[in-house]
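Note sheet for the following structure.
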Amino acid sequence: MLKFKKYQNKNTSSSAYGKWYGRLVHELLEFDEFIEHMANHHCVFSEATIRGVLIEMETCLRELLLEGKAVRIDELGIFALGVKTNGELTADKFTADSIKGVNVNLFLGKRFRARNLFADARFKEADKYIGDGNYYEPDGETADTGNAGDGPVNPTTTPGEGDTPGDGD
């Protein structure tokens, strides 16, 4: 069950000013909790084995990425490095010194693509939450809001600074 919070766009220069949107509320599952969850999932491997495999995967993934390899991990997706660069006026002025950063890209596999996750997602408003005035504070429990194939529960948002809502209605 995915829990969401409501918030109102307070950006007066946005065409979405005053509209209400939703953000998901996450509960962080620590590495040990994730391992325990996997071990309890009718798994034949012990927590120690799972821990060892995941730590080794992390080590090897980093090593392979730094060798310039892209790594597919089954249906999770393909991990590959990307770079942040300065723009140069001519090709011959672009050198390794023009590269200013490295980032990890994840190209999601089929099971993790947004449309496939959305088809299985169910939503419920978070029970209680307090914000800086942008968050709605519900009076009590709200009903589950599954998508039931009716399209998005919350409007399209533009990724970026502060999850600023897009111009979608």
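See the values below:
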{"item": "Single residue of the stretch 58-97 satisfying the filter (exposed (fewer than 10 other Cβ atoms within 10 Å of the Cβ) and assigned to a loop (DSSP other than H, G, I, E, B)) that is nearest to the chain's Cα centre (by Cα)", "result": "74"}
{"item": "Residue in the stretch 102-110 that is of a type in the set (S, T, N, Q), out of contact with any helix residue (DSSP H, G or I) (no Cβ under 6 Å at 6 or more places or on another chain) and more than 30 Å from residue 5 (Cβ to Cβ) present", "result": "no"}
{"item": "Residues (of a type in the set (A, V, I, L, M, F, W, C) and within 27 Å of residue 117 (Cβ to Cβ)) located in the stretch 61-102", "result": "61, 64, 65, 70, 71, 73, 76, 78, 79, 80, 81"}
{"item": "Any hit, the stretch 42-55, residues being polar (S, T, N, Q), exposed (fewer than 12 other Cβ atoms within 10 Å of the Cβ), more than 29 Å from residue 114 (Cβ to Cβ) and touching a helix residue (DSSP H, G or I) at 6+ places or on another chain (Cβ under 8 Å)", "result": "yes"}
{"item": "Count - residues of the stretch 15-31 that are touching a strand residue (DSSP E or B) at 6+ places or on another chain (Cβ under 7 Å) and either surrounded by 12 or more Cβ atoms within 10 Å (Cβ to Cβ) or touching a residue at least 12 places away in the same chain (Cβ under 8 Å) (or both)", "result": "8"}
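Computed from the coordinates by the stated procedures, all read-outs in this text should not be read as laboratory data. A quick note: this is a predicted structure, and the numbers were derived from the prediction, not measured. Counting neighbours? That spans all protein chains shown, and the Cβs are built from the backbone with ideal geometry, glycine included.
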